[in-house]
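The values are calculated or read from the model by the stated rules, or taken from the named source; none is laboratory data. Only a predicted model underlies this, so the values are computations on that prediction, with no experimental measurement involved. Positions of Cβ are generated from backbone atoms using ideal geometry, with glycine treated the same way; all protein chains shown enter the neighbour counts.
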Amino acid sequence: MSKSILFLCTANSCRSILSEAVFNHYAGPDWRAYSAGSQPKGMVNTQALTTLQRHHISTDGLYSKGVDELAALKPDIVITVCDQAAGEACPVFFGPAMRSHWGLADPSEQHGDSTEQDKAFEATMARILTRTKAFLALPFDELDTSSLRSELDRIGSL
């Protein structure tokens, strides 16, 4: 049976979109990722799409959406990717899903020339790749709920 993971942030235009796309690219048929935002911008950041394309990760079907659009989804895991360190409020998801926080600075907030912006997106992408690969390497059959929660929190610090 397939399991689902929901990545949440505020605008659902960059970090959660990148996380959804990367996760679905590397996950096998046992997992499916989704993303949403508490205050969706209604459009995906073009630099996020460019970054995914540079990494040969499909952008098909990606769009900015609110949590209400996924109201029928009953995810197994919800990961918030907002940047609490920057004072950003993380969205709240109600339901029985296991939750963890994998904070990421918003690369779209990087000011400077295109080279500096590219570096910010690549740094965010690198963290998402590291976390996704660590998640997918977990021995799910051997982890109880408490151990899985600890592993998710550990991955969020990578």
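Figures for the structure shown
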{"quantity": "Checklist (1) of a type in the set (A, V, I, L, M, F, W, C); (2) under 19 Å from residue 155 (Cα atoms); (3) modelled with pLDDT of 95 or more applied to residue 8, failing item", "calculated": "(3)"}
{"quantity": "Matching residues, the stretch 103-130, being within 16 Å of residue 5 (Cα to Cα) and either of a type in the set (Asp, Glu) or touching a residue at least 60 places away in the same chain (Cβ under 8 Å) (or both)", "calculated": "128, 129"}
{"quantity": "Scan of the stretch 3-50 for residues that are under 13 Å from residue 77 (Cβ atoms), in contact with a Pro (Cβ under 7 Å, 6 or more places away or on another chain) and among the polar types (S, T, N, Q), ordered by number", "calculated": "4"}
{"quantity": "Flag for residue 154 being closer than 23 Å to residue 10 by Cα, touching a Leu at 6+ places or on another chain (Cβ under 9 Å) and charged (D, E, K, R)", "calculated": "no"}
{"quantity": "Flag for residue 60 being over 14 Å from the mean Cα position of the chain (by Cα), within 27 Å of residue 98 (Cα to Cα) and among the acidic types (Asp, Glu)", "calculated": "no"}
{"quantity": "Positions within the stretch 19-76 being surrounded by 17 or more Cβ atoms within 10 Å (Cβ to Cβ) and in a loop (DSSP other than H, G, I, E, B), in sequence order", "calculated": "27, 38, 40, 44, 45, 57, 62, 64, 65, 75"}
